[in-house]
1. Run the accessible area of the stretch 117-239 with a 1.4 Å probe and give the carbon-and-sulfur part as a rounded percent.
2. Filter the chain for me: DSSP H helices, axial length by Cα at least 18 angstrom, mean Kyte-Doolittle hydropathy not below 0.5. List them by residue number.
3. What is the packing order of peptides 264-276, 173-185, taking the mean over residues of other C-beta atoms within 10 Å and listing the highest first?
4. On average, how much accessible surface per residue is there in the stretch 174-251, in Å², for a 1.4 Å probe, leaving out ligands, DNA and RNA?
5. I'd like the per residue volume of the convex hull spanned by the Cα atoms of the chain, given in cubic angstrom.
6. For the chain, what does the helix formula give at 222 nm: sum of -39500 (n - 2.57) over DSSP H segments with n ≥ 4, over the residue count, nearest 500 deg cm²/dmol?
7. So who's got an amide H within less than 5 Å of the one on Val162, skipping anything under 5 residues away but keeping other chains? H placed 1.01 Å off N, in plane.
8. Using a 1.4 Å probe, what is the accessible area per residue for the stretch 93-141, in Å²?
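The values are calculated or read from the model by the stated rules, or taken from the named source; none is laboratory data. This is a predicted model, so every value here is computed, not measured. Here the Cβ is made from the backbone with ideal geometry for all residues, glycine too, and neighbour counts use every protein chain on show. The area values use the complete protein model at the heavy-atom level, side chains included, leaving out ligands, DNA and RNA. Shrake-Rupley method; radii C 1.70, N 1.55, O 1.52, S 1.80 Å.
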Amino acid sequence: MTVWDDLVGQDRVREQLAAAAKDADALVTAVTDGEPVEQGSKMTHAWLFTGPPGSGRSTAARAFAAALQCTSPDRALGGEPGCGFCDGCHTSLIGTHADVQVIRTDLLSIGVKETRDLVRRAQLSPAVGRWQVIVMEDADRLTEGAGNVLLKAVEEPAPRTVWMLCAPSLEDVLPTIRSRCRHLTLGTPPVEAVADVLIRRDGVDPERAHSAARATQGHIGRARRLATDERARARRAAVLKVPLRVADVGGCLKAAQELIDTATDDAKQMADEVDVKETEDLKAALGGVAGGRMPRGTAGAMKELEDKQKRRRTRTQRDSLDLALTELTGFYRDVLALQLGSRIAIANVDVQDSLDRIAESSTAAQTLRRIEAVIACRQAMDRNVAPLLAVEAMTMSLRSG
(Lines give C-alpha, C1' and ligand atoms only; values in the text may rest on other atoms or scores of the structure.)
Protein backbone atom coordinates (compact mmCIF):
# COMPACT_ATOMS: atom_id res chain seq x y z
CA MET A 1 0.00 0.00 0.00
CA THR A 2 1.57 3.31 -1.08
CA VAL A 3 1.27 6.58 0.81
CA TRP A 4 -1.23 7.79 -1.82
CA ASP A 5 -3.86 5.10 -1.20
CA ASP A 6 -5.79 7.19 1.33
CA LEU A 7 -6.03 10.11 -1.10
CA VAL A 8 -9.56 9.30 -2.26
CA GLY A 9 -10.83 10.54 -5.62
CA GLN A 10 -7.97 13.00 -6.21
CA ASP A 11 -6.11 11.46 -9.14
CA ARG A 12 -4.91 14.76 -10.60
CA VAL A 13 -3.51 15.98 -7.29
CA ARG A 14 -1.90 12.60 -6.68
CA GLU A 15 -0.11 12.77 -10.03
CA GLN A 16 1.21 16.27 -9.33
CA LEU A 17 2.48 15.37 -5.87
CA ALA A 18 4.07 12.12 -7.05
CA ALA A 19 5.93 14.02 -9.78
CA ALA A 20 7.08 16.66 -7.29
CA ALA A 21 8.25 13.97 -4.83
CA LYS A 22 10.27 12.31 -7.59
CA ASP A 23 11.93 15.62 -8.51
CA ALA A 24 12.58 16.33 -4.82
CA ASP A 25 14.28 12.95 -4.46
CA ALA A 26 16.48 13.66 -7.49
CA LEU A 27 17.29 17.11 -6.10
CA VAL A 28 18.49 15.79 -2.73
CA THR A 29 20.46 13.02 -4.41
CA ALA A 30 22.16 15.49 -6.75
CA VAL A 31 23.09 17.84 -3.91
CA THR A 32 24.39 14.94 -1.81
CA ASP A 33 26.51 13.64 -4.68
CA GLY A 34 27.74 17.11 -5.66
CA GLU A 35 26.12 16.94 -9.09
CA PRO A 36 24.53 19.91 -10.91
CA VAL A 37 20.84 20.46 -10.17
CA GLU A 38 18.50 20.22 -13.16
CA GLN A 39 16.24 23.20 -13.87
CA GLY A 40 12.44 22.99 -14.25
CA SER A 41 11.84 20.91 -11.12
CA LYS A 42 8.22 20.34 -10.11
CA MET A 43 9.31 20.62 -6.46
CA THR A 44 9.02 23.87 -4.50
CA HIS A 45 9.42 24.95 -0.88
CA ALA A 46 5.82 26.01 -0.09
CA TRP A 47 2.51 24.35 -0.93
CA LEU A 48 -1.09 25.39 -0.31
CA PHE A 49 -3.75 22.65 -0.29
CA THR A 50 -7.32 23.92 -0.59
CA GLY A 51 -10.64 22.18 -0.93
CA PRO A 52 -14.01 21.74 0.79
CA PRO A 53 -14.24 20.04 4.19
CA GLY A 54 -13.68 16.30 3.87
CA SER A 55 -11.83 16.52 0.56
CA GLY A 56 -8.63 15.22 2.16
CA ARG A 57 -6.43 18.32 2.33
CA SER A 58 -4.41 17.16 5.34
CA THR A 59 -4.34 13.58 4.02
CA ALA A 60 -2.72 14.82 0.80
CA ALA A 61 -0.19 16.90 2.73
CA ARG A 62 0.73 13.99 5.01
CA ALA A 63 1.10 11.63 2.06
CA PHE A 64 3.36 14.14 0.29
CA ALA A 65 5.43 14.58 3.47
CA ALA A 66 5.88 10.80 3.67
CA ALA A 67 6.90 10.59 0.01
CA LEU A 68 9.54 13.28 0.58
CA GLN A 69 11.02 11.20 3.41
CA CYS A 70 10.83 7.88 1.53
CA THR A 71 14.01 5.77 1.74
CA SER A 72 12.88 2.81 -0.36
CA PRO A 73 15.76 1.23 -2.35
CA ASP A 74 13.40 1.02 -5.35
CA ARG A 75 13.96 4.75 -5.93
CA ALA A 76 17.41 3.99 -7.32
CA LEU A 77 15.77 1.71 -9.90
CA GLY A 78 13.37 4.38 -11.10
CA GLY A 79 10.57 3.70 -8.63
CA GLU A 80 8.47 6.57 -7.30
CA PRO A 81 9.00 7.75 -3.70
CA GLY A 82 6.16 6.95 -1.33
CA CYS A 83 6.30 3.17 -1.02
CA GLY A 84 4.42 3.22 2.29
CA PHE A 85 6.59 0.48 3.84
CA CYS A 86 10.01 2.01 4.52
CA ASP A 87 10.87 3.64 7.84
CA GLY A 88 10.62 7.14 6.35
CA CYS A 89 7.11 6.59 5.00
CA HIS A 90 5.84 4.70 8.03
CA THR A 91 7.05 7.14 10.69
CA SER A 92 5.81 10.13 8.67
CA LEU A 93 2.31 8.68 8.35
CA ILE A 94 1.96 7.75 12.03
CA GLY A 95 3.39 11.06 13.23
CA THR A 96 6.72 9.99 14.78
CA HIS A 97 9.21 11.16 12.15
CA ALA A 98 11.71 13.61 13.65
CA ASP A 99 11.60 15.89 10.61
CA VAL A 100 7.85 15.98 9.97
CA GLN A 101 5.92 18.41 12.17
CA VAL A 102 2.11 18.33 11.86
CA ILE A 103 0.34 21.35 13.33
CA ARG A 104 -3.35 21.10 14.14
CA THR A 105 -5.33 23.07 16.67
CA ASP A 106 -8.44 22.53 18.75
CA LEU A 107 -8.49 26.26 19.53
CA LEU A 108 -10.16 29.15 17.75
CA SER A 109 -6.93 30.46 16.23
CA ILE A 110 -3.18 29.96 15.83
CA GLY A 111 -1.29 32.82 17.46
CA VAL A 112 2.02 34.59 17.05
CA LYS A 113 3.83 32.63 19.76
CA GLU A 114 3.11 29.21 18.26
CA THR A 115 3.99 30.46 14.77
CA ARG A 116 7.33 31.87 15.91
CA ASP A 117 8.20 28.48 17.41
CA LEU A 118 7.45 26.88 14.04
CA VAL A 119 9.55 29.41 12.15
CA ARG A 120 12.51 28.72 14.43
CA ARG A 121 12.13 25.00 13.80
CA ALA A 122 11.93 25.59 10.06
CA GLN A 123 15.41 27.08 10.07
CA LEU A 124 16.95 23.79 11.24
CA SER A 125 18.48 21.26 8.90
CA PRO A 126 16.81 17.82 8.72
CA ALA A 127 17.88 15.66 11.65
CA VAL A 128 17.43 12.19 10.14
CA GLY A 129 15.33 12.65 7.00
CA ARG A 130 15.80 14.16 3.60
CA TRP A 131 13.63 17.24 4.22
CA GLN A 132 12.36 19.32 7.12
CA VAL A 133 8.57 19.27 6.58
CA ILE A 134 6.00 21.39 8.40
CA VAL A 135 2.32 20.59 7.76
CA MET A 136 -0.16 23.21 9.03
CA GLU A 137 -3.61 21.64 8.84
CA ASP A 138 -5.52 24.79 9.85
CA ALA A 139 -3.74 27.63 8.09
CA ASP A 140 -7.08 29.46 7.88
CA ARG A 141 -6.96 29.90 11.68
CA LEU A 142 -3.76 31.95 11.63
CA THR A 143 -4.27 35.37 13.16
CA GLU A 144 -3.12 38.34 11.08
CA GLY A 145 -0.04 38.71 13.27
CA ALA A 146 0.79 35.01 13.00
CA GLY A 147 0.38 35.19 9.22
CA ASN A 148 2.88 38.01 9.03
CA VAL A 149 5.36 35.99 11.09
CA LEU A 150 4.90 33.02 8.77
CA LEU A 151 5.32 35.18 5.67
CA LYS A 152 8.99 35.83 6.38
CA ALA A 153 9.72 32.10 6.67
CA VAL A 154 7.87 31.32 3.44
CA GLU A 155 9.68 34.13 1.62
CA GLU A 156 13.15 33.05 2.72
CA PRO A 157 13.01 29.30 3.49
CA ALA A 158 15.90 27.16 4.63
CA PRO A 159 17.40 25.10 1.76
CA ARG A 160 15.66 21.81 2.66
CA THR A 161 12.53 23.01 4.45
CA VAL A 162 9.06 22.49 2.97
CA TRP A 163 5.91 24.24 4.19
CA MET A 164 2.53 22.60 3.53
CA LEU A 165 -0.48 24.77 4.39
CA CYS A 166 -4.07 23.51 4.34
CA ALA A 167 -7.14 25.74 4.14
CA PRO A 168 -10.71 25.55 2.78
CA SER A 169 -10.08 28.19 0.09
CA LEU A 170 -7.52 30.67 -1.21
CA GLU A 171 -9.43 33.53 0.42
CA ASP A 172 -8.81 32.02 3.86
CA VAL A 173 -5.06 32.67 3.55
CA LEU A 174 -3.27 36.03 3.43
CA PRO A 175 -2.68 37.10 -0.21
CA THR A 176 1.02 37.63 0.53
CA ILE A 177 1.36 34.02 1.70
CA ARG A 178 -0.70 32.34 -0.99
CA SER A 179 1.20 34.19 -3.71
CA ARG A 180 4.38 32.45 -2.54
CA CYS A 181 2.91 28.93 -2.48
CA ARG A 182 2.18 26.39 -5.18
CA HIS A 183 -1.56 25.89 -5.10
CA LEU A 184 -3.35 22.51 -5.29
CA THR A 185 -7.14 22.33 -5.30
CA LEU A 186 -8.90 19.18 -4.10
CA GLY A 187 -12.52 18.40 -4.93
CA THR A 188 -15.20 16.52 -3.00
CA PRO A 189 -14.55 12.78 -3.48
CA PRO A 190 -17.24 10.71 -5.21
CA VAL A 191 -19.60 8.90 -2.86
CA GLU A 192 -18.63 5.51 -4.30
CA ALA A 193 -14.93 6.19 -3.72
CA VAL A 194 -15.55 7.10 -0.06
CA ALA A 195 -17.67 3.99 0.48
CA ASP A 196 -14.96 1.85 -1.11
CA VAL A 197 -12.25 3.13 1.25
CA LEU A 198 -14.52 2.56 4.29
CA ILE A 199 -15.07 -1.04 3.21
CA ARG A 200 -11.48 -1.73 2.19
CA ARG A 201 -9.57 0.01 4.96
CA ASP A 202 -11.97 0.21 7.91
CA GLY A 203 -13.84 -3.06 7.40
CA VAL A 204 -17.24 -1.36 7.44
CA ASP A 205 -20.28 -3.32 6.26
CA PRO A 206 -20.93 -2.36 2.58
CA GLU A 207 -24.51 -1.25 3.18
CA ARG A 208 -23.53 0.95 6.13
CA ALA A 209 -20.50 2.30 4.25
CA HIS A 210 -22.61 3.40 1.27
CA SER A 211 -25.24 4.89 3.57
CA ALA A 212 -22.63 6.91 5.50
CA ALA A 213 -20.86 8.09 2.35
CA ARG A 214 -24.15 9.16 0.78
CA ALA A 215 -25.37 10.93 3.95
CA THR A 216 -22.16 12.94 4.29
CA GLN A 217 -21.90 13.68 0.54
CA GLY A 218 -18.32 12.49 0.24
CA HIS A 219 -16.86 13.95 3.46
CA ILE A 220 -14.35 11.23 4.35
CA GLY A 221 -13.89 12.02 8.04
CA ARG A 222 -17.58 12.44 8.79
CA ALA A 223 -18.43 9.31 6.80
CA ARG A 224 -15.96 7.25 8.80
CA ARG A 225 -17.30 8.55 12.09
CA LEU A 226 -20.91 7.99 11.05
CA ALA A 227 -20.15 4.44 9.91
CA THR A 228 -18.21 3.44 13.03
CA ASP A 229 -19.72 5.48 15.90
CA GLU A 230 -23.20 4.65 17.18
CA ARG A 231 -23.31 7.93 19.13
CA ALA A 232 -22.70 9.92 15.94
CA ARG A 233 -25.57 8.12 14.22
CA ALA A 234 -27.90 8.85 17.14
CA ARG A 235 -26.90 12.53 17.17
CA ARG A 236 -27.51 12.86 13.41
CA ALA A 237 -30.92 11.18 13.72
CA ALA A 238 -31.89 13.73 16.40
CA VAL A 239 -30.75 16.66 14.24
CA LEU A 240 -32.76 15.48 11.23
CA LYS A 241 -35.92 15.47 13.36
CA VAL A 242 -35.63 19.22 13.98
CA PRO A 243 -37.56 20.26 10.81
CA LEU A 244 -40.59 18.31 12.08
CA ARG A 245 -40.37 19.75 15.60
CA VAL A 246 -40.62 23.47 14.84
CA ALA A 247 -44.37 23.62 14.35
CA ASP A 248 -44.84 25.98 17.33
CA VAL A 249 -42.76 28.40 19.39
CA GLY A 250 -42.31 25.92 22.22
CA GLY A 251 -40.98 23.30 19.83
CA CYS A 252 -38.56 25.82 18.33
CA LEU A 253 -37.10 26.79 21.69
CA LYS A 254 -36.87 23.18 22.86
CA ALA A 255 -35.14 22.04 19.65
CA ALA A 256 -32.65 24.90 19.93
CA GLN A 257 -31.81 24.05 23.53
CA GLU A 258 -31.32 20.39 22.69
CA LEU A 259 -28.89 21.27 19.86
CA ILE A 260 -26.89 23.42 22.29
CA ASP A 261 -26.96 20.71 24.98
CA THR A 262 -25.70 18.08 22.52
CA ALA A 263 -22.82 20.33 21.45
CA THR A 264 -21.99 21.06 25.09
CA ASP A 265 -21.98 17.33 25.89
CA ASP A 266 -19.57 16.72 23.00
CA ALA A 267 -17.23 19.39 24.38
CA LYS A 268 -17.49 17.94 27.88
CA GLN A 269 -16.76 14.43 26.63
CA MET A 270 -13.57 15.60 24.94
CA ALA A 271 -12.61 17.57 28.05
CA ASP A 272 -13.10 14.51 30.25
CA GLU A 273 -10.83 12.50 27.94
CA VAL A 274 -8.06 15.08 27.52
CA ASP A 275 -8.11 17.81 30.18
CA VAL A 276 -7.55 15.65 33.25
CA LYS A 277 -4.53 13.93 31.74
CA GLU A 278 -3.09 17.23 30.51
CA THR A 279 -3.49 18.79 33.96
CA GLU A 280 -1.94 15.85 35.79
CA ASP A 281 0.98 15.70 33.33
CA LEU A 282 1.70 19.41 33.79
CA LYS A 283 1.50 19.13 37.59
CA ALA A 284 3.98 16.26 37.52
CA ALA A 285 6.31 18.20 35.20
CA LEU A 286 6.21 21.20 37.55
CA GLY A 287 7.03 19.08 40.59
CA GLY A 288 3.57 18.88 42.10
CA VAL A 289 2.55 16.10 44.46
CA ALA A 290 -0.77 14.28 44.04
CA GLY A 291 -3.25 15.80 46.47
CA GLY A 292 -0.75 18.42 47.64
CA ARG A 293 -0.06 22.06 46.91
CA MET A 294 1.78 23.12 43.80
CA PRO A 295 5.29 24.62 44.12
CA ARG A 296 5.50 28.40 44.20
CA GLY A 297 5.76 30.13 40.85
CA THR A 298 3.74 27.57 38.91
CA ALA A 299 0.34 29.31 39.06
CA GLY A 300 0.95 31.08 35.75
CA ALA A 301 1.60 27.83 33.87
CA MET A 302 -1.52 26.23 35.35
CA LYS A 303 -3.63 29.28 34.46
CA GLU A 304 -2.30 29.19 30.87
CA LEU A 305 -3.32 25.53 30.56
CA GLU A 306 -6.80 26.26 31.96
CA ASP A 307 -7.29 29.06 29.44
CA LYS A 308 -6.18 26.77 26.60
CA GLN A 309 -8.61 24.07 27.72
CA LYS A 310 -11.45 26.58 27.93
CA ARG A 311 -10.78 27.79 24.37
CA ARG A 312 -10.67 24.19 23.18
CA ARG A 313 -14.06 23.46 24.76
CA THR A 314 -15.48 26.49 22.97
CA ARG A 315 -14.01 25.30 19.66
CA THR A 316 -15.40 21.78 20.17
CA GLN A 317 -18.87 23.11 20.94
CA ARG A 318 -18.83 25.29 17.84
CA ASP A 319 -17.59 22.44 15.66
CA SER A 320 -20.37 20.19 16.94
CA LEU A 321 -22.98 22.87 16.27
CA ASP A 322 -21.52 23.52 12.84
CA LEU A 323 -21.84 19.83 12.00
CA ALA A 324 -25.50 19.88 13.07
CA LEU A 325 -26.13 22.93 10.87
CA THR A 326 -24.40 21.23 7.95
CA GLU A 327 -26.72 18.26 8.33
CA LEU A 328 -29.76 20.55 8.47
CA THR A 329 -28.60 22.25 5.28
CA GLY A 330 -28.29 18.83 3.63
CA PHE A 331 -31.83 17.96 4.75
CA TYR A 332 -33.33 21.09 3.18
CA ARG A 333 -31.20 20.63 0.09
CA ASP A 334 -32.89 17.24 -0.37
CA VAL A 335 -36.30 18.84 0.22
CA LEU A 336 -35.56 21.44 -2.45
CA ALA A 337 -34.46 18.73 -4.88
CA LEU A 338 -37.79 16.94 -4.41
CA GLN A 339 -39.78 20.15 -4.82
CA LEU A 340 -38.00 21.08 -8.04
CA GLY A 341 -38.06 17.56 -9.46
CA SER A 342 -34.27 17.47 -9.67
CA ARG A 343 -32.48 14.30 -10.69
CA ILE A 344 -29.64 14.75 -8.21
CA ALA A 345 -29.23 11.91 -5.71
CA ILE A 346 -30.96 12.30 -2.36
CA ALA A 347 -28.42 12.20 0.48
CA ASN A 348 -30.73 11.48 3.42
CA VAL A 349 -32.66 8.53 2.04
CA ASP A 350 -32.97 7.08 5.55
CA VAL A 351 -35.43 9.89 6.41
CA GLN A 352 -37.30 9.86 3.09
CA ASP A 353 -40.69 10.07 4.84
CA SER A 354 -39.69 13.29 6.59
CA LEU A 355 -38.33 14.75 3.36
CA ASP A 356 -41.57 13.96 1.52
CA ARG A 357 -43.68 15.45 4.32
CA ILE A 358 -41.78 18.75 4.39
CA ALA A 359 -41.62 18.93 0.58
CA GLU A 360 -45.39 18.49 0.24
CA SER A 361 -46.31 20.97 3.00
CA SER A 362 -44.09 23.85 1.85
CA THR A 363 -42.88 25.64 -1.26
CA ALA A 364 -39.42 25.84 -2.84
CA ALA A 365 -39.26 29.53 -1.84
CA GLN A 366 -39.83 28.59 1.81
CA THR A 367 -37.14 25.92 1.60
CA LEU A 368 -34.65 28.43 0.21
CA ARG A 369 -35.45 30.83 3.07
CA ARG A 370 -34.90 28.01 5.55
CA ILE A 371 -31.51 27.22 4.02
CA GLU A 372 -30.67 30.92 4.29
CA ALA A 373 -31.69 30.84 7.97
CA VAL A 374 -29.23 27.99 8.64
CA ILE A 375 -26.46 29.88 6.83
CA ALA A 376 -27.30 33.04 8.81
CA CYS A 377 -26.96 31.06 12.05
CA ARG A 378 -23.48 29.90 11.08
CA GLN A 379 -22.48 33.46 10.20
CA ALA A 380 -23.85 34.77 13.50
CA MET A 381 -21.73 32.30 15.47
CA ASP A 382 -18.69 33.33 13.43
CA ARG A 383 -19.36 36.85 14.76
CA ASN A 384 -19.41 35.45 18.32
CA VAL A 385 -23.16 35.78 18.83
CA ALA A 386 -24.23 33.67 21.82
CA PRO A 387 -24.87 30.17 20.37
CA LEU A 388 -28.27 29.71 22.03
CA LEU A 389 -29.57 33.04 20.70
CA ALA A 390 -28.31 32.25 17.19
CA VAL A 391 -29.86 28.77 17.16
CA GLU A 392 -33.18 30.00 18.60
CA ALA A 393 -33.38 32.64 15.87
CA MET A 394 -32.72 29.93 13.31
CA THR A 395 -35.39 27.53 14.59
CA MET A 396 -37.96 30.35 14.65
CA SER A 397 -37.09 31.12 11.02
CA LEU A 398 -37.41 27.42 10.13
CA ARG A 399 -40.94 27.52 11.59
CA SER A 400 -42.08 30.54 9.62
CA GLY A 401 -40.29 29.60 6.40
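1. Values: 2870 of 5660 Å².
Solvent-exposed carbon and sulfur of the stretch 117-239 make up 51 percent of the total.
2. Values: long enough: 11-33 (33 Å, -0.11); 249-285 (53 Å, -0.41); 299-340 (61 Å, -0.78); 364-382 (27 Å, 0.12); 387-400 (20 Å, 0.79).
Span-like helices here: 387-400.
3. On the way: 264-276: 15.1, 173-185: 16.9.
In decreasing order of mean packing, 264-276, 173-185 become 173-185, 264-276.
4. 49
5. Values: hull volume 70.9 nm³, N = 401.
Considering the Cα atoms of the chain, their hull volume per residue is 177 Å³.
6. Details: 15 runs with 233 residues, N = 401.
Taken over the chain, the calculation gives -19000 deg cm²/dmol.
7. Sorted by chain and number, the residues that satisfy this are Gln132, Val133, Ile134.
8. On the way: 2400 Å² over 49 residues.
Per residue, the stretch 93-141 has 49 Å² of solvent-accessible surface.
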